[in-house]
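Before any comments, here is the structure.
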Amino acid sequence: MAFLNSLVLAYRPVVAVTPQTDMLSCGHERARVDLTAAGTYLRERGLPRFARTRLCPQCRQEPNPKALAKVTHDPTPASRQRASDWGQLTRTEREQAEVVLRALPGGADIEMDGWLMMAPEQRATIAQVGERFAAGLGLTFREFMGLRVEPAPYVTAAGLRWLQASPKEKQRRREASDVRWLVAERARKR
C-alpha cells in the first residue's frame, strides 16, 4: 500500500463529451465543467469553460521526482499532487499562470520570473494560492489553465464503447489492425 501512496493522479485529455460527462482518453468519465456552477461563473465572465484535460480519479502515475523536488510538499496526497503539477510547469505555463495569479485578490505581488531560482517553499506558497482559487471552481489549477472555448466533439454510442473497451480488447483491436495493414502491404508489393 505504501507504493500506491507514492503515486499521483494522472491528467488525461478530454477526447469527447456526452450530455453529462467529459470522456477521457483512458475511457473514464468526469462530470462536465460547463454544466456546473463553475461553468456558469466562467460563462458569465466570458471565460473558456470546456475542459481540455482532466484529472482522472482512477488513473495513477509515478510522479516526476524532479518536479516533486521543486515544490515543498508534505506526505498528503493533495500536497504531492500540487507539487507534481506545479513542479512540471513549462515556461509558457508559468507565464500564463502569472497573469492569472496577479489578477487574483492579493496576487499583485506574485512574480514567477525567478521561478527556477526560488526556494521550494516560495514555489509552494504560490502553488497554494493558485490551487485555492481553482478549488473554488471545483478544478485543479492545471485544469483551469487548460480550459478551452469550444467543447470536445460529442461521442457516438460506438465511440463510447471503443473508449471504454478493456485493455485486452484494445490490444486485440491493435493486432487486428496490424494484420490488416500487413495484408494490404503484401498485396501492394505484388
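Quick notes on this structure:
- Between ARG188 and VAL149, the FRET efficiency from the beta-carbon distance, with R0 = 35 Å, is close to 0.25.
- The GNM of the chain, with springs linking C-alpha atoms under 10 angstrom apart, assigns the highest mean-square fluctuation among ALA134, ALA97, ALA69 to ALA69.
- The chain: angle of helix 77-87 to the longest principal axis, Cα-based, in degrees nearest 10: 90
- Entry for P(r) over Cα pairs in 5 Å bins from 0, in percent (calculated from the structure that is shown) out of (1) 1, 7, 12, 13, 12, 9, 7, 6, 8, 9, 7, 5, 3, 0; (2) 1, 7, 16, 19, 19, 15, 11, 6, 3, 1, 0, 0; (3) 1, 7, 13, 16, 16, 14, 12, 8, 5, 4, 2, 1, 1, 0, 0: (3)
- Distant-in-sequence amide H partners of PHE50 (H built 1.01 Å from N, under 5 Å): ARG148
- If you sort CYS26, CYS56 by accessible surface, 1.4 Å probe, largest first, the order is CYS26, CYS56.
- 14 Å beta-carbon shell around TYR154, net charge (K/R +1, D/E -1): -3
- log₁₀ of I(q)/I(0) at q = 0.11, 0.22 Å⁻¹ - region 89-184, Debye sum with one point per alpha carbon: -0.58, -1.12
- Shown are ASP178, ASP22, whose ranking by accessible area with a 1.4 Å probe and every protein chain present, most to least, is ASP178, ASP22.
- Solvent exposure of region 82-190 as accessible area per residue, Å², 1.4 Å probe: 66
The values are calculated or read from the model by the stated rules, or taken from the named source; none is laboratory data. Worth saying up front: this structure is predicted, and the values here are computed from it rather than measured. Glycine gets a Cβ as well: all are built from the backbone with ideal geometry, and neighbour counts include every protein chain shown. Accessible surface is based on the protein model in full, side chains and every heavy atom, while ligands, DNA and RNA are left aside. Shrake-Rupley method; radii C 1.70, N 1.55, O 1.52, S 1.80 Å.
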